[in-house]
Every structure is written in C-alpha cells, then in structure tokens.
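One structure below.
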Amino acid sequence: MRSGAKTAIVGGVFLVVAGGVGYGGFNLYNGITGGDSSVGNRSSDEAPKTGPVTGDEVTTTARDFLAAWAAGEPEKAGQLTNDPVTAGPAVAAYREGASVSEAEITPGAPVGAKVPFTVKATITHNGVSKPWSYASELTVVRGQTTGRPLVKWAPSVLHPRLLTADATLRTGVAKTPSVKTVDRNGKELTAEKYPSLRPVLDELRKRYGAKAGGETGIETWIESGSASVPDSTLLVLSKGKPGTLKTTIDAGVQAAAEKAVKTYENASVAAIEPSTGAIRAVANNPATEYNTAFRGAQAPGSTMKIVTAAMMMQNGIATPDSKVECPPDVVSRSTTFENLKRFSIPNGTLAESFRRSCNTAFIKAVPPLNEKGIENTALGDTARDSFGIGQTWAVGVPAADGSVPESAGSETPASYIGQGKITMSALNVASLSATVKNGGFLQPYLVAKELDDREFAKADRLSPAVASGLQRMMRETATAADGTAVRAMSGLARPKGAKTGSAEVDGQGTSNSWFTGYSGDLAAAAVVEEGGHGSDAAGPVVAQVLKAG
C-alpha cells in the first residue's frame, strides 16, 4: 500500500482509504469480503496450477486488483492482470488523464469468473468538480505460464466504453463545442432518449461542432485514438455554449425504429424519404459505438433481386410479364441452386417469381456469358449506374457504400440472389426501395451538404418502363395473395411495395432475415441476424417504422 494509505476491516467490509493520493474509499459488498490471501501464491518448486479458477481465487484476485486501482497503485494493479505491461500504464492514465480526484469502487457478487462492480468517482479540473458513476466488470482467468489467477486485461475493465487498445480517458477543455442536435422539426435528439444515435451524434459533433456556432466547455471524454472513430463525451463539467445542428431525422420515426429493433437480439434498420434522400431514422440493437445500420457489410439476400430485375429489364432479358422458368433447382456454372423447400412455379412470369422470391428463375433466366451483352460486371454496372451502390456516399457520418464487385464462376449466379461477394448495409438496401419509389436514385443524407460543400453521389434515373416494372413487382409482393411481404405490409398506406430476403452466412445455422419496402413517401430496410425468412423477423421491424411515417 502506498505511504499514507490506511487499511482496515470495518463491520465486515474491506475498506481502503488512500490518504494523500486523492482517492476515496474502496468498499467490498455482496460477499466479496473474504478469501484466502495466499490463494494464487505458490513456492518456486511447485508446478503451476491448471484448470478453471476457483471461487476463492476469483474473490481474492478481484479484491486485490480493485483495491490497488482504488488506492492509486497502478503498478500493483497491473501485476494482478495477465498483461501488466499494458494494464499498469492504463490504470495510471485513468486517474491522471481523466482528473479523477476521488473514487469508490464497489464490487457485486461474482458470477462464475466475472465480477461486476460500480465506480463512484469525482472529476476535478481547474477547480470544477462533478460526480461521475458507472458500472463495469472484470473476468478472472488462470495465467498461461504461471498458473496464477489474474484479471483478464481489457481497457473496458476501467470503463465499458473503452473498446480499443488506443482509447483513453481525458478531462479538459473540449476539442470542439458541444452541439444541440435537432431533428427535422427542431426537436432535440439525445443519446439518452435515442440510444442508437449515440455514435451518430458523436460523429456529427466531431465534424460540424465548430461550424454550429458554439463555445467549448470542460468535459470528460473517451479519446478514441483513431481518426476514423469520433471521441465520445462521458461527462460535462461545464457546458460552454452549444451550437444547434439540424439533421434530417424524424423524432417520431426514430422512436419507432428504436422500439422495433429491441424485439431482436441483433437487428438494424434505416429509413429514407424517397422524394429527397433525407434519412429519417437509424436504429440498432444492441446500440453500440458501431453503427451497423450504416456501416454493416452483409450479404443482402433476395432483396438484391430488385437490382437483378432492373438488370434483366435494362438488357432486354425479361419484363414483368415475360415467362420465366422457376424449377425447384438449377445448375449454373457447376453449382446447384435451390428454392426454399424446393418449390416451383409452372409456366410463371418474372413478376410472379419476384413476388414469391424464386431463386432459380433469377439465375436460369439470365443467359450465359456474353449473350445479350451480360458479363460478370453487368449486375455491378446496374447497381452503380442506376442505384448508386458502389459509389461514394457523402452521408454526413461514416457509412458503407455497398459493394457489387465483378464476379467469376458460381459467384455470378449467386450474386443475382444477393449472395457471393455482394455486401450492403440496411441503409444501402433501404435506398434500393427509395430509388424504385422515386423512379431514380437520390443519395441518402443526414445533414445538408451545404454545411461542408460535400459532393453527393449521382446515378441515372430509371427508365419509365423499368421504374414502373419494379414498382409493379414490389407492389404485388406487398399486396398479392401469394406475395411474400403481404403479412408484414398489411394495413400500410398505398402506394406501397416490398421485397423479402434471407441471406446464408457461413457458420450460422439460421439465415439472416432481410426486408425492404416503402409506404407513401418513406422507405426502410431491416436486417435481423439469424432471423430466418425476411417476412418473419425483418418484415415486422420495417412495418413498424413505415407506420410511424
């Protein structure tokens, strides 16, 4: 223990008071009050212990690490982890970088090898102090070489939002002024009310805080250590003067999106206004620092048939009324592709195969290489030139552009049904529906381009024949008795249209569920990981969002 620190057992509670080092008490409740202090120690001639850590080892190691942290002894705390070279300096930086003047750490009851705890601290900077509290957890593991019980080191032990090795806590004058971010109608948007917006709001402040007319204050923040990841404010000691930044978000639609994704363990949704490209909502569950709805890169499954159908019409292969074969399976480029439950459509049309999501029709109908000019690049050309997918989108915050790369071999027919190397985000797929509804692509955006004079991506408008053909097929998918999206789209206002999808992912037993659609002047798309059929999981998410519009 450092000089000036006092240790005592008071009423069954282990109490550390680090006098003179600026740290307050360290209280151990909920059973973490005992344990053999010799646990983990061994003589030099003993073989290292093996096997899972014991309850006593978890209790004692957690107690000793948290006590060293609370007492301001970073080197000692580091030696109680499996990465002392990294952990020691990180513990020291926590106190010094964040200007923590007092800290009380209270463990909860262990759950196996994990020990939850709460931190109640005081941040003091230039005579300004403010309380700060949060919850975190640590895990005790057995050292690989020593056999000692040790805290498994990760920056998130110190704070759950320290997610990368280079991230650190800082307190001082903020780098940029805070902003009051508002929706399209001037309603304030906060991370507390709309958790999915946290990474969006952080990025907007980073990019536009200096342009919003505010003045900096004193704050505690996470410094990401990466130019591509925005810093994240944790505590405001003094506000300064926030500027006001207007976004295209609709608070009502955003609230519906936040609620809709919470139904599933891993789900994302994005909503766009087709007539303008304005983004009306974005939501993720879990709501983490990574905005999956904008930045995810996943196979879009049969929602890609929107683009494939456009390619077929543009190249004279088929119209909605053309007869196309839909057998139970088809062999293309030495690979067999099947329909769900091996269904078939005798003497069907492209429109029928679209609304029932027949995989084999969209593969069998496309002629072999070089006939009618169809190359391995044709689908990518249509995606880029007609739907803006593959161009650079200047949304206002980081967003994936979507990718439909040149294919080869069996990847080409796989790409027609949204598999192979194609990747998209929920925002990309929502834009497919928005493009069909509008008759042409308008790049989605979150803040006005005049803020920084950024260039928007552009694409050719769909021809009237292609636009009306896609609108018809999406409408029938949402309204015809055998349409795969009828149940999800029931009760939504016209004009409406939709496309379901499921995407197989290596290592997953169940496909990802995809759904995209539009109603009135709002389009949306959702993906639910391991959600199965598009109408089962992603469909209800999209429907909830569209109803809010």
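Only the coordinates and a few stated rules stand behind these numbers; no lab work does. All figures in this text were calculated on a predicted structure; none of them were measured in a lab. Backbone-built Cβ (ideal geometry, glycine too); neighbour counts: all protein chains shown.
Please give every one of the aspartates and glutamates within straight-line cross-link reach of Lys323, meaning a C-alpha to C-alpha distance under 14 Å, and leave out same-chain neighbours fewer than 8 residues apart.
Glu352
Whole Å is fine, so just give me how far the alpha carbon centre of the range 183-215 lies from that of the range 382-450.
After rounding, the separation between the Cα centres reads 26 Å.
Need the list of lysines near Lys114 for cross-linking: C-alpha distance under 24 angstrom, and skip anything on the same chain fewer than eight residues off.
Within the straight-line cut-off, Lys114 pairs with Lys49, Lys76, Lys152.
Excluding same-chain residues fewer than 8 positions from Lys193, which lysines have a Cα within less than 22 Å of its Cα?
Lys193 reaches Lys180, Lys206, Lys239, Lys241, Lys246, Lys259, Lys262, Lys547.
Quick one: which residues, 5+ away or cross-chain, put their amide H under 5 Å from the amide H of Ala480? H built at 1.01 Å from N.
The list, which skips near neighbours in sequence, is empty: none.
Could you give the length gained by full extension between Glu75 and Asp321, i.e. 0.36 nm per residue of separation minus their alpha carbon distance, to one decimal place?
81.1 nm
Hey, what do the phi angles of the range 49-62 turn into as Karplus ³J(HN,Hα) couplings, whole Hz, using 6.51/-1.76/1.60 and θ = phi - 60°, x for Gly and Pro?
For the range 49-62, the Karplus curve yields 5, 10, x, x, 5, 8, x, 5, 5, 4, 4, 5, 5, 4 Hz.
Between Asp460 and Arg494, how many nm apart are label points set 7 Å from Cα along the C-beta direction?
Taking the two extended label points, one gets 3.2 nm.
Can you tell me the relative contact order of the range 173-247? Whole percent, Cα pairs under 8 Å, sequence separation 6 or more.
Averaging sequence separation for qualifying contacts and normalising by length gives 43 percent for the range 173-247.
Read phi for every residue in the range 414-424 and hand back ³J(HN,Hα) as whole Hz from Karplus 6.51 cos²θ - 1.76 cosθ + 1.60, θ = phi - 60°, with x for Gly and Pro.
Rounded to whole hertz, the list is 4, 5, 5, 10, x, 10, x, 9, 5, 9, 8.
Using the charge dipole of the range 201-322 (Lys, Arg: +1 at Cβ; Asp, Glu: -1 at Cβ; taken about the Cα centre), state which of Ala210, Leu234, Ala310 has its Cα farthest towards the positive end.
My answer, from the dipole projection, is Ala210.
Tell me, what HN-Hα J-couplings in whole Hz come from the Karplus equation 6.51 cos²θ - 1.76 cosθ + 1.60 at θ = phi - 60° for each residue of the range 239-252, using x for Gly and Pro?
Values, residue by residue: 6, x, 10, x, x, 10, 10, 8, 10, 8, 4, 9, 4, x Hz.
Which loop-located GluC sites (Glu not before Pro) does the range 167-225 contain, where loop means any DSSP state but H, G, I, E or B and the Cβ has at most 10 other Cβ atoms within 10 Å?
Glu192
For Cys326, Cys358, what ranking results if the residue with the fewest other Cβ atoms within 10 Å of its Cβ goes first?
Sorted ascending by nearby Cβ count, the order is Cys326, Cys358.
Helix 198-208 versus the longest principal axis of the chain: what angle, 0 to 90°, nearest 10, using Cα atoms?
90
Among Asp166, Asp385, Asp401, which comes first, second and so on when ranked by fewest other beta-carbon atoms within 10 Å?
The most exposed by this proxy come first: Asp166, Asp385, Asp401.
If we count every other residue with Cβ under 10 angstrom of Asp250's Cβ, Lys/Arg +1 and Asp/Glu -1, where does the sum land?
Neighbourhood net charge equals +1.
For the range 149-272, just say rounded, prolate or oblate: build the C-alpha gyration tensor, square-root its eigenvalues into a ≥ b ≥ c, call rounded for a/c under 1.5, and beyond that prolate if a/b exceeds b/c, oblate if not. Please list the in-between numbers first.
Numbers: a/c = 2.31, a/b = 1.14, b/c = 2.03.
Since a/c reaches 1.5 but b/c is at least a/b, the shape of the range 149-272 is classed as oblate.
For the charge dipole of the chain, defined by +1 on Lys and Arg C-beta atoms and -1 on Asp and Glu C-beta atoms about the Cα centroid, which residue among Thr360, Ala47, Thr516 has the Cα displaced farthest towards the positive pole?
Selected residue: Thr516.
Restricting to Cα pairs below 8 Å that are 6+ residues apart, what does the relative contact order work out to for the range 422-495? Please round to a whole percent.
For the range 422-495, the relative contact order is 20 percent.
Compute the signed sum of charges (Lys and Arg +1, Asp and Glu -1) over the other residues within less than 11 Å, Cβ to Cβ, of Arg170.
Working: positive: Lys175; negative: Glu96, Glu219, Glu223, Asp231.
Result for the local shell: -3.
For the chain, find the longest principal axis of its Cα atoms and tell me its angle to the long axis of helix 538-548, 0 to 90°, nearest 10.
90
What residues have an amide H closer than 5 Å to that of Ser322, excluding those fewer than 5 places away on the same chain, when H is modeled at 1.01 Å from N in the peptide plane?
Here Leu350, Ala351 satisfy the definition.
Output the relative contact order of the chain, whole-number percent, from Cα pairs under 8 angstrom with separation of 6+ residues.
Result for the chain is 11 percent.
Between the helical axis of 426-438 and the dominant principal axis of the chain, each derived from Cα atoms, what acute angle in degrees is found, rounded to the nearest 10?
30
Taking the Cβ of Glu188 as the center, what net charge do the other residues with Cβ under 12 Å away carry, scoring Lys and Arg +1 and Asp and Glu -1?
+2
Given Cβ point charges of +1 (Lys, Arg) and -1 (Asp, Glu) and nothing else, what value in debye, to the nearest 20, does the dipole of the range 252-548 about its Cα centre take?
Dipole magnitude for the range 252-548 comes out near 840 debye.
Can you give me the long-range amide H partners of Leu237? Hydrogens built in the peptide plane at 1.01 Å from N, cutoff under 5 Å, separation of 5 or more residues or another chain.
Residues meeting the amide H criterion: Ile218, Glu219, Thr220.
Express in whole angstrom the spacing between the alpha-carbon centres of the range 225-241 and the range 249-327.
Each part reduced to its Cα centre gives a spacing of 31 Å.
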